[in-house]
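Visitor: Have a look at this one before I ask anything.
The values are calculated or read from the model by the stated rules, or taken from the named source; none is laboratory data. Everything numeric here is computed off the predicted structure, so don't read it as measured data. Cβ placement follows ideal geometry from the backbone for every residue including glycine, while neighbour counts extend to all protein chains displayed. These accessible areas exclude ligands, DNA and RNA; they are computed on the full protein's heavy atoms, side chains included. Shrake-Rupley method; radii C 1.70, N 1.55, O 1.52, S 1.80 Å.
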Amino acid sequence: MKNSQLIKLRVKNYRSFKGEQVVQFIEGKKDREYVTALYGPNASGKSNILKALQTLHWFVLNSNDPNITELPSDPFLLNTEFISKPSEFEVEFKHMDRHFTY
C-alpha cells in the first residue's frame with residue numbers, strides 16, 4: 001500500500017505470546033524512510049510476529065464474509081487458562097498522513 005506505514009503492533013495470547021507484546025515501529029518522516037529489524041535468539045517469537053501480521057491481514061480482508069462461521073484461533077498453549085481465551089491483535093498505521101487503529 002503506497003503512502004502507508006505500520007506504526008505499532010500489539011499481540012496477546014497468540015502462539016508463543018501469553019501476555020501482551022508490543023512492537024513499536026519507527027515512524028518515518030516525509031524526507032526519510034526507516035527500517036525496523038526484528039532480531040533475537042532462535043525460538044524467541046520473531047516468526048510469530050510475522051504470523052500475527054498475516055492473521056490480522058486475514059481478519060481485515062475477511063471481516064465481512066458471511067460464510068465464515070469460525071475465526072481461526074492459535075492461542076498460547078503452555079497455560080491451560082489461556083487455551084480457551086481469544087487472541088487479541090491491534091495495529092496502528094498511517095495512510096495518506098492519517099492515523100488509524102484497527
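Visitor: In this structure, does L78 turn out to be under 28 Å from S4 (Cα atoms) and either in contact (Cβ under 8 Å) with a residue 24 or more places away in the chain or charged (D, E, K, R) (or both)?
Guide: no
Visitor: If a residue must be over 21 Å from T101 (Cβ atoms), under 16 Å from the mean Cα position of the chain (by Cα) and among the aliphatic types (A, V, I, L, M), how many such residues does segment 22-61 contain?
Guide: 2
Visitor: Please determine whether any residue of segment 45-56 is on the phi > 0 side of the Ramachandran plot and open to solvent by less than 70 Å² (accessible area, probe 1.4 Å).
Guide: yes
Visitor: Could you list, in sequence order, all residues of segment 58-80 that are open to solvent by 100 Å² or more (accessible area, probe 1.4 Å) and either within 19 Å of E20 (Cα to Cα) or of a type in the set (F, W, Y) (or both)?
Guide: L77, L78, T80
Visitor: In segment 17-40, which residues are within 20 Å of L78 (Cα to Cα) and open to solvent by 90 Å² or more (accessible area, probe 1.4 Å)?
Guide: Within segment 17-40, just E20 meets the criteria.
Visitor: Please work out which residue is nearest to the chain's Cα centre (by Cα), limiting yourself to segment 72-102 and to residues that are part of a loop (DSSP other than H, G, I, E, B) and aromatic (F, W, Y).
Guide: The extreme case among them is Y102.
Visitor: Scan segment 13-23 and tell me whether some residue there is at pLDDT below 85 and not in a loop (DSSP other than H, G, I, E, B).
Guide: Taking every residue of segment 13-23 in turn, none turns out to be at pLDDT below 85 and not in a loop (DSSP other than H, G, I, E, B).
Visitor: Exactly one condition in (1) surrounded by 11 or more Cβ atoms within 10 Å (Cβ to Cβ); (2) at positive phi is not met by N3; state its number.
Guide: Failed condition: (1).
Visitor: For the subset of segment 81-102 comprising residues that are surrounded by 13 or more Cβ atoms within 10 Å (Cβ to Cβ) and among the hydrophobic types (A, V, I, L, M, F, W, C), which member is nearest to K51 (Cα to Cα)?
Guide: Out of the qualifying residues, it is F89.
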